[in-house]
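A short reminder: the numbers here are calculations on the coordinates, not readings from a lab. On a predicted model such as this, the values are computed, not experimentally measured, just so you know. Counting neighbours? That spans all protein chains shown, and the Cβs are built from the backbone with ideal geometry, glycine included.
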Amino acid sequence: MPLSTTHALVPLAAALAFARKPVPWPLLIAAAAAAAAPDIDAVSHRLFHIPFTSVYSHRGAAHSLFAAIAAGCLASVFHRRLGVRSLTAGVVVGASMASHGILDMMTDRGLPVAYLWPVTSLRVAADWRPIHAPQLQWAHLATELLPRLWSELWQLILPMFAVAVAIRAARTLIAPKVEPSSKSLERLPTESNPVS
């Protein structure tokens, strides 16, 4: 699976690619937190000894589309604190959290994702799984973390931001140029230069 830090970068890359105006920092922070949040179930698995096969274990209910929609609804309630309209807050935070499950479905290792919970507890994985993600063992965290970060930098983070920059550049080139209207170029009348 991609690390939680990598998941948190997805909304930042999306903002770079698609935002028409500066995105408020509270919204970016909330979206990044929502994108990383589903991995909290890995901690709950260890604390409460929930079996890996349970829908409440890692890549279970917290990775579902339902959880993402619930997070989006919660964000829409607090939209004023996020500095945007209610619909914008809900869509941005919900889509950010939903991206976590999609990325996890595209990894070549680990459990499939219960993306459609509570409709079904069936775990699914994508047919195309290009993301190589070796298991990260808690006992070897110190020795495995840096190589894992390096791998994700080249495999996910740099390509993701390269695509975001390319989309931004294409949008800038395609966007219509706003030229001042002819009325705004007219001189304003003054007492010494009346307009007749």
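How do the peptides 60-71, 89-100 rank, highest first, by the average count of neighbouring beta carbon atoms within 10 Å per residue? Mind dumping the intermediate values first?
Details: 60-71: 21.7, 89-100: 24.0.
Per-residue mean Cβ counts within 10 Å order the peptides as 89-100, 60-71.
The C-alpha atoms of the chain define a longest principal axis, and helix 86-105 lies at about 40 degrees to it.
When the chain is treated as a GNM, springs tying every alpha-carbon pair under 10 Å, which of LEU116, LEU173, LEU27 comes out with the largest mean-square fluctuation? Fluctuation is largest for LEU173. Once you sort the root eigenvalues of the Cα gyration tensor of the stretch 4-176 as a ≥ b ≥ c, which label holds: rounded (a/c under 1.5), prolate (a/b larger than b/c) or oblate (the other case)? Judged from the Cα gyration tensor, the stretch 4-176 comes out oblate (a/c at least 1.5, b/c at or above a/b). The sum of -39500 (n - 2.57) across all DSSP H runs of n ≥ 4, divided by the residue count of the chain, sets its helix-only mean residue ellipticity at 222 nm to -16500 deg cm²/dmol.
Just checking the listed ones, PHE48, PHE78, PHE161: in the Gaussian network model of the chain with Cα springs under 10 Å, the one fluctuating most is PHE48.
Would you work out which of LEU65, SER54, TRP128 lies farthest towards the positive end of the dipole of the chain? Charges go on Cβ: Lys and Arg +1, Asp and Glu -1. Positive-most Cα among the choices belongs to LEU65.
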